[in-house]
Each structure stands twice: as C-alpha cells, then as structure tokens.
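The values are calculated or read from the model by the stated rules, or taken from the named source; none is laboratory data. None of the values given here were measured: they were computed from a predicted structure. Note that we place each Cβ from the backbone using ideal geometry, even for glycine, and neighbour counts take in every protein chain shown. Calculation scope for accessible area: heavy atoms of the full protein, side chains included, ligands and nucleic acids excluded. Shrake-Rupley method; radii C 1.70, N 1.55, O 1.52, S 1.80 Å.
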Amino acid sequence: MVHTCEVALPLPLRTTFTYQVPDALDDSTMTGVRVVVPFRNRAMLGVVLGRSNSANGASLKNVTEVLDSVPALTPCLVELGRWISNYYLAPIGETFRVMLPPAVEVQFEREWQISEAGQARLQELQSLATPSEAESADRALLQLMTARGGAVSEEILRSVRGGPALASRLLRRNELVVRGAGRHRSLRMQRTVVWKDQALPAQFRPAEQRIHRALAENAGPLPVISLLKVADVSRSVVQRLVKEAKLVITEKPWTSEPVSFATDLLPPVNQLNAEQARVMEAIGVRLQAGTFHAALLHGVTGSGKTEVYLRAVEATLALGRTAIILVPEIALTVWIGELCRARFGSTIAVLHSGLSEQERAREWWRVRRHEARVVVGTRSAVFAPLENVGLVVVDEEQESSYKQEEAPRYHGRDVALVRAKLEGAVALLGSATPSLESYQRAREGKYELLSLQSRVANRPMAAVQISDLREDFRRTHKTAPISNDLREGIARELESGRQSIVLINRRGYSWFVLCRSCGATISCENCSIALTYHKKRERLACHYCGFARGVPRACPKCNSEHLFFVGAGAEQVEEHLRALFPHARIARLDRDTVRHRRAFGQVLNAFGAGKIDILVGTQIVAKGHDFHGVTLVGVASADAQLGLPDFRAAERTFQLLTQVAGRAGRGVLLGQVIVESYHPEHYAIQMAASQDYISFFEKELHFRRLMHYPPFVSLASLLVRGAKLEKAIHWSRQIKTFFESQKVAEIRILGPAAAPLARLKREYRFHFLLKSTRRAALNRLLNKCLLYCAEKEIPDRSILIDVDPINLL
C-alpha cells in the first residue's frame with residue numbers, strides 16, 4: 001500500500017492532483033500544509049487537501065518537500081476553500097492560491113540539465129580537432145553544465161554570452177532538458193540598534209541624548225536607518241557609541257516601519273447610548289450562545305457602529321475566542337487597525353494587498369502562531385488563519401470592492417457568512433445603506449435586524465441641498481467643474497475657518513476627448529472605451545488596461561484641429577478650486593495622487609490635523625472616515641452613475657450620496673451637503689437627500705421584483721472572450737445551442753449579446769445573463785455548460801463565469 005495525498009496547484013484547472021508521499025515525509029505531510037511537487041517540467045507550490053492510500057502508486061510522482069511544520073490552512077479553511085470552488089465554479093487550485101500566505105521562503109525558477117544525448121554530444125565535440133564556431137559554443141555550454149553537476153540555473157545561463165539562444169538550440173535537439181526547481185530564499189536582514197540598559201548618555205552631547213530618547217520612546221530596538229532619521233544624527237555618531245559599548249547592533253529579519261496614522265480621529269467613547277447598549281446586549285447574547293448567527297446592523301451615518309464593532313470584539317476576546325473585521329478599503333484598514341491597537345494592544349494583525357509580500361507573510365504567520373487574536377483587513381482577510389473564530393464583522397457590507405474581479409470571483413461578505421457558519425461564530429454585517437439583498441434577508445428573518453436610528457449624542461443629520469445644474473446653466477450661461485451653489489458654500493466655510501470635502505467620482509482631468517468636426521472620440525487601442533485625459537501627465541489613459549498615449553494635436557480620424565475635452569474629473573475640479581481660492585490649502589485623494597499605502601495616511605493625517613481646508617477626492621473619501629472638522633460636503637456630477645447599463649445604478653448612486661453626506665457634521669458643528677445633478681427629480685437622489693433608506697428600499701425592491709433581479713432571483717453571468725471576433729462569435733453560438741437544449745423551467749437565459757465593454761484588453765466579449773429562482777438548478781446548469789465547453793474544445797480561459805456578479809460591464 002502506497003501513501004498518497006491530494007494536492008491543489010495554482011492552475012486554471014478544475015481538478016486536484018495525486019502525489020505519492022515518501023516515507024521520510026509521511027509524518028509531516030498533513031492536510032493544510034504547503035508542499036513543493038513536480039508538475040510537468042517544473043516545480044510548483046501546492047497545498048495538501050487530504051491523505052489516502054493507493055494499491056498502485058508506481059506511476060505517481062513524489063512530493064519533493066514539505067514547507068510547513070504547522071499546517072498553513074486550518075481544517076475549517078480547507079472546507080471553506082472547497083465551498084468557494086464549488087459555489088463560484090472556480091478552479092480549486094486558484095481558489096487556494098488566494099487563501100495561502102505569500103511563499104517568500106521559496107523561489108521557483110527553471111533549471112537546465114544536460115541529457116544523455118547531450119553527454120554523448122559533448123564527448124563527440126571534445127574529440128573534434130578543429131570544431132566550428134557553433135560547435136565550440138555548444139561544447140563550452142555543455143562543459144559548463146557538466147562542471148556544475150549537470151545543471152545550471154536560468155540566472156547562470158543568462159550570464160553566458162548567447163546562453164539562452166544556445167540552450168534553446170540544444171533543447172530542440174534533446175541535448176538539454178528543462179526542469180522547474182524550488183530554491184529557498186535567504187532572509188532579508190536589517191541591522192537594529194538597542195541602548196545598553198546600564199549605559200548613560202553623556203550630559204553634554206545633544207546627539208547622544210537624542211539617540212537615547214528615541215530608543216527609550218520606541219521601547220525597543222530600532223533599525224539603524226530609522227534611528228538616523230528619528231534622532232537626526234549621522235552614522236558616525238552611532239558607530240562611536242557602539243565602540244563605547246553604549247549601543248549594541250544586531251541583525252534581525254527585515255521588517256518595514258508601521259504606517260503612522262495619527263489623525264484627529266477621536267477614539268470611540270466608552271459610554272454607550274441607549275441604542276448602542278440595546279444592540280450590544282443582543283450581540284452579547286448571541287456571542288454567549290457560541291453558535292452561528294447572522295445579524296445586520298443598520299445604523300445611520302455617525303451612529304457609532306464602529307464602537308459597537310469594538311465592543312463586540314472585546315466581548316469575543318473575553319470569551320477566549322478570536323475575531324475578524326473586514327473593511328472595503330485599505331485606508332479604512334489603517335484607521336480601524338489603529339483604533340483596535342489602541343483598544344487591544346499587540347494582539348492585532350493587519351492584512352491587505354497594500355503590504356509587501358514579506359510584510360503580508362509576517363502578519364499571516366503571526367496569526368497562524370496565535371500571536372494575534374484580532375485580524376483587520378480587506379476582503380482577503382476573511383481567509384486569516386485564526387482558530388476558534390467567534391466573530392466576523394463586515395463593515396460597509398454593501399460595497400462592491402468586496403467582490404473579487406478575477407478568479408476566484410468570490411464575494412467577501414458572502415464568504416464571511418459561510419466562514420462564520422463553519423466556525424460557529426456570529427457574523428455581523430454593518431452599513432448605513434445595506435445592499436437590497438442583505439436588507440431583504442433581514443426582513444425575511446434570515447438575519448437578525450439591529451438598528452441605530454440616531455447619531456451619537458443626538459447630533460442632527462447634515463442638511464442636504466440639491467443644486468439643479470440645468471438652472472445653474474440658465475443663470476450663468478457657463479459650464480464649470482462645480483456649480484455656483486457649491487462655490488458659494490465653500491467660500492462661506494473658508495471664511496469661517498472650517499473644512500470641506502468635494503466628491504467627484506471621476507479620475508483624471510477630462511472624461512474623454514471629442515472631435516467637434518467628425519464626432520469621433522479618441523479610444524483605447526485595446527478596449528472599446530474612450531481614453532481619459534490626465535493633464536498633469538499630459539497623457540490620454542485607459543483605466544481598464546493601462547494603455548496610454550500622448551495628446552494629439554489633430555483628430556486621428558479626420559485631421560481636424562478642433563478637439564474638445566469633455567467633462568470634469570477630480571484633477572480639473574482641484575485646479576478649478578485652486579484658481580477660485582488661491583489662499584486655501586487644497587489636496588486631492590484618488591488613485592492618481594495616492595500610489596502607495598503610506599500616502600493614504602499622509603493625506604488623511606494632514607486633513608484630520610486641520611492642515612488642509614478642502615479635500616477633493618473620488619469615492620475613497622466617501623467611506624467610513626470620521627472627521628469632526630468637516631461641515632460641508634459637495635458632490636459634483638452626482639448622477640454620473642445613473643446612465644450606466646446596470647440594474648444596480650440607482651442603488652449605487654443612493655449609497656454613494658448617503659455615505660458621503662454622512663461625512664459632514666460629525667462633530668459639534670452642523671453640517672451641510674450640496675448635491676449637484678442634472679436629474680434632481682430622480683428618486684435615488686431625492687431619497688439620498690432626505691437620507692430615507694426605507695423609502696428607497698421599497699421603491700427599488702418593486703423595480704427588482706418586476707424585472708426579476710436579485711434579491712428575488714439568483715444571478716450569474718457567462719462571458720465568452722477571444723482575441724479573434726469570429727472565434728468569440730462561434731463559441732457564443734455553440735453555448736447558445738447548449739442552453740437551448742437544456743429546458744430548465746426555473747432558469748431564464750438572456751443572450752448572447754455584445755458586452756457593454758465589447759472589447760477589453762484586446763479581447764472581444766459576448767455575454768449571457770442567467771436568472772434562476774433556484775440556486776442549485778443554476779449551479780447544475782453551469783457545471784454542465786463547463787463540461788460541454790470542454791467537449792467542444794472551447795478554451796477554459798475563454799469562458800468566464802461569475803456567480804452573483806456585481807459588475808455587468
């Protein structure tokens with residue numbers, strides 16, 4: 001009997017692989033550990049999903065190495081990964097790829113080995129008296145490989161003149177073979193400094209005093225580079241103190257400095273109001289029960305939901321269990337992380353994509369080693385390897401950023417619910433504007449509905465004014481990035497020394513460039529979308545594929561010089577405000593100005609400290625921030641999303657306006673919101689202005705019921721894509737034939753039709769939309785479709801299935 005294991009590999013294949021476990025690795029090969037295995041001609045990192053025995057293992061390859069002494073994934077996470085793969089029809093290896101920590105300890109590379117034919121060829125070449133130039137080059141490379149034990153790495157091969165071309169030629173003649181190899185990386189080290197306890201700084205040496213103070217305030221060692229910066233001293237001073245035995249320098253694994261985020265965000269008060277206490281009492285009962293329970297916390301903006309989250313985490317820790325807090329944006333991760341550190345100390349770990357691989361791996365293994373009991377992060381933090389989870393919080397549960405847009409296309413909120421169920425934990429979803437699906441489930445009794453209907457300290461909601469841009473044009477006969485009402489409002493706030501936020505949910509300077517002569521727009525070469533103008537870079541850019549080009553002087557189609565820049569983006573709004581208010585301190589927060597994680601903290605820190613008067617930004621500024629000095633929020637082009645071909649357009653507009661309106665008047669001063677719109681009569685804008693979620697919910701729910709959209713049906717999209725239009729059309733027709741042959745009463749199929757973005761990243765796209773009253777029937781049909789596509793040899797990568805899609809573009 002041969003011991004075997006089931007391994008998931010990070011490949012776009014819907015299957016696992018079976019490997020033989022050598023006797024030497026038998027004890028360490030457990031479910032959940034990462035292993036290095038051979039796959040075709042390379043080495044790959046996989047995860048063990050199970051163990052078994054086989055009567056015949058002669059044809060099986062061996063596991064090469066076990067990386068972990070403790071399984072990287074807990075049994076609960078292995079079960080969760082299988083559920084994600086089945087529910088979202090995602091390749092199982094790609095599913096577990098996003099669940100595992102970065103493999104910073106192993107580097108995979110190609111290794112070139114001399115074959116038997118190559119050894120025979122080398123002997124032949126060595127016997128030649130006058131070899132040709134090509135034969136001499138072949139001989140030199142084969143001799144190099146022989147001298148190095150018959151194999152060389154890719155890096156060594158590149159160091160040889162003409163090495164890659166020579167190796168390719170020998171490979172075609174079967175004189176070389178290529179294998180994958182996994183090599184252990186050496187840890188990146190850094191020098192750290194610590195002050196000797198018994199040593200005292202010299203009284204008359206200021207530099208020495210500063211070093212001592214910096215190390216004392218840090219309460220521990222500091223990296224040398226950080227110490228030089230903090231203490232403002234030269235390296236020679238540090239070297240002198242080492243010689244005097246006052247400082248000790250040691251080498252430790254490299255760690256980055258934590259992101260400072262010391263804004264004026266006030267820590268949540270410890271005194272709960274009556275509503276918060278009632279909600280916390282209900283959550284406490286569920287935590288004490290120790291079984292799965294789902295609750296939706298619907299609280300208006302500024303009602304103190306964050307304090308409820310922290311109290312719930314505190315109660316969970318007191319019961320000896322652990323907690324996860326999910327937030328939709330990295331900026332909020334930093335903020336919530338700081339609040340948690342202030343409350344719970346070093347038991348906090350932060351996980352998000354803005355961390356480097358080394359940082360993410362370090363935090364991940366801190367959690368796995370039980371050094372952290374609370375994890376704060378974006379959607380991938382739902383896979384944190386905590387054990388005995390008692391609470392999973394999903395803040396701003398309605399946010400589309402919880403949905404992964406690449407395989408596996410999971411929704412972080414829904415996965416959080418499943419994880420809570422597997423762990424026997426409480427799942428707490430929170431929002432001022434819950435998704436219609438979540439609120440409907442709460443009304444049906446599937447979730448417990450908890451409410452916070454008033455702001456902390458009974459502060460009033462901000463007054464909302466709708467500025468009709470049509471009337472604004474009739475009065476001024478001019479178009480400007482902001483309306484006259486908003487301009488006057490900002491001027492009043494500046495005179496009073498108060499702060500303002502301006503939301504414009506468009507990046508760049510102008511939306512697109514239009515030729516006034518022929519009407520053509522300048523579009524992306526790879527996508528069927530107009531390019532966005534970025535003035536600072538003087539480039540036209542595609543926000544989907546990254547293509548960029550210079551701004552032409554004439555229309556590429558008709559050669560006309562009459563080019564018109566249409567629409568205003570965040571960059572233009574910022575420029576316009578600087579011209580209107582030259583003495584105001586203005587900053588912009590969007591993906592163009594914030595390109596690394598520290599920049600979020602720097603901008604928000606300055607704004608929170610009152611060093612910025614006006615903050616212009618995209619939807620990043622609308623979510624979760626608690627700035628008490630902000631008394632005016634302006635929303636430019638509030639109805640921009642209403643024109644999108646998406647049944648959720650009204651819901652997203654309502655949510656964004658309500659959320660950004662909640663940023664005003666969170667302190668002792670009253671707040672005001674000015675919403676600009678060309679469609680002020682639209683129900684989403686009217687109800688956002690009155691902050692009436694229930695009325696919006698009822699009206700939008702009626703529309704969803706009539707049109708058969710979620711929450712009344714389950715939805716899935718199937719996208720067919722191909723580099724050649726004819727192929728994409730042919731595959732779409734084949735799939736249409738399959739669907740026509742499957743008569744399922746509960747499922748309605750729309751399509752195929754060209755996707756709204758008919759071409760993206762050089763691929764033509766056609767899509768089907770499937771609506772079903774029974775989720776199980778929908779899953780079965782999609783699985784059958786995948787089998788049909790395999791039979792018809794339609795490439796796997798050309799079929800993209802999205803279960804519960806958020807984006808239908």
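For region 678-763, what is the accessible area per residue in Å², given a 1.4 Å probe and the full set of protein chains?
On a per-residue basis, 54 Å².
For the chain, how big is Rg over Rh, using alpha carbon atoms and the Kirkwood form of Rh?
Over the Cα atoms of the chain, Rg/Rh equals 1.00.
May I ask you to give the average projected area over all directions of the convex hull of the Cα atoms of region 707-794, in nm² rounded to one decimal?
5.9 nm²
Keeping every protein chain present and rolling a 1.4 Å probe, give me the accessible area per residue for region 562-667 in Å².
33 Å²
Can you run phi through the Karplus equation (6.51, -1.76, 1.60; θ = phi - 60°) for region 130-137 and list ³J(HN,Hα) in whole Hz, with x for Gly and Pro?
Couplings: 10, x, 6, 4, 5, 5, 5, 5 Hz.
From the backbone phi of region 728-741, what are the Karplus-calculated ³J(HN,Hα) couplings (6.51 cos²θ - 1.76 cosθ + 1.60, θ = phi - 60°) in whole Hz, Gly and Pro given as x?
Per residue, the Karplus-derived 3J(HN,Hα) values read 4, 5, 4, 5, 4, 5, 4, 5, 4, 4, 4, 4, 5, 7 Hz.
Taking loop as defined by DSSP and a crowding limit of 13 other beta carbons within 10 Å, which trypsin sites (Lys or Arg not before Pro) in region 572-648 fit?
In loop regions of region 572-648 (DSSP not H, G, I, E or B), the sparsely surrounded trypsin sites (Lys or Arg not before Pro) are Arg591, Arg595, Lys611.
Going through the cross-link list Lys421/Lys736; Lys446/Lys699; Lys699/Lys784; Lys403/Lys743, which pairs have a Cα-Cα distance over 27 Å in this structure? Show your work: numbers first, answer last.
Details: Lys421/Lys736 37 Å; Lys446/Lys699 22 Å; Lys699/Lys784 37 Å; Lys403/Lys743 31 Å.
With Cα atoms farther than 27 Å apart: Lys421/Lys736; Lys699/Lys784; Lys403/Lys743.
Rounded to whole Å, give me the distance from the Cα center of region 702-765 to that of region 537-616.
With region 702-765 and region 537-616 each reduced to a Cα centre, they are spaced 36 Å.
Between Arg40 and Arg474, take the C-beta separation as r, use R0 = 60 Å, and let me know the FRET efficiency to the nearest 0.05. Can you show the working numbers first?
Numbers: r = 69 Å, r/R0 = 1.15.
Working from the Cβ atoms, E equals 0.30.
For Arg42, enumerate residues with amide H under 5 Å from its amide H, sequence gap 5+ or separate chain, H modeled in the peptide plane.
Here Gly180 satisfy the definition.
At 0.36 nm per residue, minus the direct Cα-Cα distance, what do Ser159 and Glu65 gain on full extension? Give it in nm, one decimal, please. Before the final figure, lay out the partial values.
Working: separation 94, 0.36 × 94 = 33.84 nm, distance 2.90 nm.
Answer, rounded to one decimal: 30.9 nm.
Express the carbon and sulfur contribution to the solvent-accessible surface of region 444-549 as a percent, rounded to the nearest whole number, probe 1.4 angstrom.
Carbon and sulfur atoms account for 45 percent of the accessible area of region 444-549.
Please report the base-10 log of the normalised intensity I(q)/I(0) for region 688-747, using a Debye sum with one equal scatterer per alpha carbon and no solvent, at each q in 0.28 (1/Å).
Per q value, in the given order, log10 I(q)/I(0) is -1.11.
For region 689-809, which whole percent of the accessible surface, found with a 1.4 angstrom probe, sits on carbon and sulfur atoms?
In region 689-809, the share of accessible area belonging to carbon and sulfur is 53 percent.
Residue by residue through region 390-406, what is 3J(HN,Hα) from phi via Karplus (6.51 cos²θ - 1.76 cosθ + 1.60, θ = phi - 60°)? Round to whole Hz and write x for glycine and proline.
In residue order, the calculated couplings are x, 8, 10, 9, 10, 7, 6, 4, 7, 5, 5, 5, 6, 8, 7, 9, 9 Hz.
Lysines near Lys478 by alpha-carbon distance under 29 Å, same-chain residues fewer than 8 away left out - which ones?
Leaving aside lysines fewer than 8 places away in the same chain, those within reach of Lys478 are Lys535, Lys536.
Rounded to the nearest percent, how much of the accessible area of region 284-405 (1.4 Å probe, protein heavy atoms only) is carbon and sulfur?
48 percent
If I model a spin label at Ala609 and Asp692 as a point 7 Å from the Cα along the Cα→Cβ vector, what separation in nanometres do I get?
Distance between label points: 4.4 nm.
Whole Å is fine, so just give me how far the alpha carbon centre of region 629-667 lies from that of region 427-445.
Comparing the Cα centres of region 629-667 and region 427-445, I get a distance of 19 Å.
As a test, work out the antiparallel percent of DSSP beta bridges whose residues both lie in the chain, rounded to the nearest 5.
60 percent
Would you mind checking which residues have amide H under 5 Å from Thr322's amide H? H placed 1.01 Å from N; only 5 or more apart, or other chain.
The list, which skips near neighbours in sequence, is Val389, Gly390, Leu391.
With no solvent and one equal point scatterer placed on each C-alpha of region 568-660, evaluate the Debye formula and give log10 I(q)/I(0) for q = 0.11, 0.13, 0.24 Å⁻¹, two decimals.
Rounded to two decimals, the profile gives -0.35, -0.49, -1.38.
What do you get for chymotrypsin sites (Phe, Trp or Tyr not before Pro) in region 539-640 restricted to DSSP loop and a cutoff of at most 14 other Cβ within 10 Å of the site's Cβ?
In loop regions of region 539-640 (DSSP not H, G, I, E or B), there are no sparsely surrounded chymotrypsin sites (Phe, Trp or Tyr not before Pro).
Hey, can you find the accessible area per residue of region 361-482 for me, probe 1.4 Å, expressed in square angstrom?
37 Å²
Using DSSP to define loop residues, name the GluC sites (Glu not before Pro) in region 693-779 whose beta-carbon has at most 16 other beta-carbon atoms within 10 Å.
Here the GluC sites (Glu not before Pro) that fit, given the DSSP loop and packing criteria, are Glu746.
State to the nearest 20 debye the size of the charge dipole of region 666-747 about its Cα centre, where the only charges are +1 on K and R beta carbons and -1 on D and E beta carbons.
So the magnitude is around 540 debye.
Over the alpha-carbon set of region 328-384, divide Rg by the Kirkwood Rh and report the Rg/Rh ratio to two decimals. Could the numbers behind the result be given before it?
Details: Rg = 10.3 Å, Rh = 11.1 Å.
That ratio equals 0.92.
Work from the charge dipole of the chain (Cβ charges, +1 for Lys and Arg, -1 for Asp and Glu, about the Cα centre) and give the residue of Leu166, Val573, Ile324 farthest towards its positive end.
Of Leu166, Val573, Ile324, it is Leu166.
In percent, what relative contact order does the chain have, based on Cα pairs under 8 Å that are 6 or more apart in sequence?
10 percent
Consider all pairwise Cα distances in region 15-104 and report the whole-number % of them above 20 Å.
Values: 1385 of 4005 pairs.
When every Cα pair of region 15-104 is considered, 35 percent fall beyond 20 Å.
Tell me which residues come under 5 Å, amide H to amide H, from Arg588 once H is placed; ignore anything under 5 positions away on its chain.
Counting only residues 5 or more places away or on other chains, the set is Val616.
Under 4.7 Å Cβ to Cβ, no partner at all: give me those cysteines from the chain, in residue order.
Cys5, Cys76, Cys340, Cys545, Cys785, Cys789
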